[in-house]
1. Run the quick spin-label model on residue A:61 and residue B:427: label points 7 Å from Cα toward the beta carbon, then report their separation in nm to one decimal.
2. Just to confirm my numbers, what's the Cα centroid distance between the range B:266-282 and the range B:1-52 in Å?
3. If you line up the long axis of helix A:156-182 against the longest principal axis of chain A, both from Cα atoms, how many degrees apart are they, to the nearest 10?
4. Once label points are set 7 Å from the Cα along Cα→Cβ at both residue B:47 and residue B:250, what is their separation, rounded to one decimal in nm?
5. Evaluate E = 1/(1 + (r/R0)^6) for residue B:71 and residue B:258, where r is the Cβ-Cβ distance and R0 equals 45 Å; express this FRET efficiency to the nearest 0.05.
6. For the residues A:34, A:11, what sequence is obtained by ranking on other C-beta atoms within 10 Å, fewest first?
7. Assuming R0 = 35 Å, what is the FRET efficiency of residue B:276 and residue B:414, from their Cβ-Cβ distance, to the nearest 0.05?
8. Calculate, for residue B:373 and residue B:233, the FRET efficiency according to 1/(1 + (r/R0)^6) with r their C-beta to C-beta distance and R0 25 Å; round to the nearest 0.05.
């Protein structure tokens, strides 16, 4: 097998096979990222396609510092943020009331042993767009609330409260799923 | 829900989801592939632009060099004709003043005697050295008087001198007058003499005259005929030379894809190439020689990630797996397969080894020796450094093509095989331009260096939706043996 730098070099020379190799090497992992940021598979597909177009176009900007996978992931996240900003006017920050009833906490072991990771991924997709975005940026990308607020054009407090609500919604959805599984 | 419980649910999702992967939708790569092809086409376009620029520079340089050579050759004969057809008649007068001391015997009586001194006597008495005469010859055309160290002055006048070729004939009828005082004292005397009477023998080299060939000057004198010396004939064997060379080359590939199907073929890039061979040449004349021989050229493609699915295609009614490259199509052997080749039953091919292509060149070229410098003068082993240019064509025959691959079947079985039966290749013509320098090592052997440019005229492949052309820059290092 050839090294990653060789693949990149071939891509920079316009080698179609290298593009194919690069895509097939990272597409499946990036697809999960795209699903996390989208509400359905069709939107995820658009994100993935646009993300890889950016990767191919800006491949010469990758300096080899850090992981190449991380670099691709950052591009995908940036594309997701752009998608979100374009549709932000159609969204309502407080579209879901946080008046869910209190759920009994479930241990992480119970969740992981009973619910498949793909089902958890589907639960994330069920989050309202802003909640989903904040949840993803905070939990998966490691953004601080200050950064999230700056990216989404909201206050830090809103970011914190939305994250709390997103987690609460997910816990409720997980509880419901656990109940269905047990029944 | 507490803050701790809230954080836990986030971590659970992160840990569970981060490790999974999902197959991307089918249509995404097809869309991206078009972008990759566009990138590839843009690169080809850029390369073509560069190649055009490079070709223009080479053409200008070669054209300029040829023009200068022709200009030089056309000027030389004109100069010769000018001197050949003209006989130079020079009417010139020269006066030489020679001062010297002369002892004259005078009668003791005070009778005035007009002493007559003959020309011959005077010439014998005059002690004009040869060196002095040579000095005068230097300034013959300037008619400047030359004062010698002696006390006596000679005035010599030369008129109607006819000057042609290496001889100056002097016709002068001037009398020589001696003015001699009757006084008893010795005084400087002036003697006028002609150059002829002074036995003047001019040397051609001092006159800064044009060099005229002997046979041309003889036309003025029909009685004298000198045969033109025959050119020495060089035996045929001595005009033949053989040489061996090795040439590292920088090669590139230009592929013209005329239809979308052409993009299903590979995107090979040349990594290394070289050639070596033997040549035999014969000198047509001292400047021009013709050469031919046999050369072996090898091209090694850059190793690229080649792991991609191959669908079986129906060839002559049989499902066949084809490996399509810009250098031909190879049939993948199915003897070791555990699955049955069928349409819609893909296999995966992975190539990690270098893809090599070899062909034999049969060149025919003309060489023009433009300049030659003698490095070691005199002696028997004279050494020369010569510069030359050459151009020619070559007929190229594909000789071998090889690629080791690993085949993965759908059931998980895999095996190694070597593809060598590449089809759809053809012989092709190429042209070659070069210039070089050769230096003699011994009387018979010489070493030469020859930067060259080689470009194919025909495509390497046939009956495919694409055309492949190779062009390369190389430097040949060779040794030549003259018989």
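Taken together, the values in this text are just the output of simple stated rules run on the coordinates, not laboratory data. Given the structure is predicted, the values throughout are model-derived calculations rather than measurements. As a convention, Cβ positions derive from the backbone with ideal geometry for all residues, glycine included, and neighbour counts pool all protein chains shown.
1. Going from the residue A:61 label point to the residue B:427 one covers 5.4 nm.
2. Answer, in whole Å: 41.
3. The two axes meet at around 80 degrees.
4. That separation, rounded to one decimal, is 1.4 nm.
5. Working: r = 45 Å, r/R0 = 0.99.
With a Förster radius of 45 Å, E is 0.50.
6. Numbers: A:34 28, A:11 25.
Lowest count first: A:11, A:34.
7. Working: r = 37 Å, r/R0 = 1.06.
Calculated transfer efficiency: 0.40.
8. On the way: r = 26 Å, r/R0 = 1.03.
My answer for the efficiency is 0.45.
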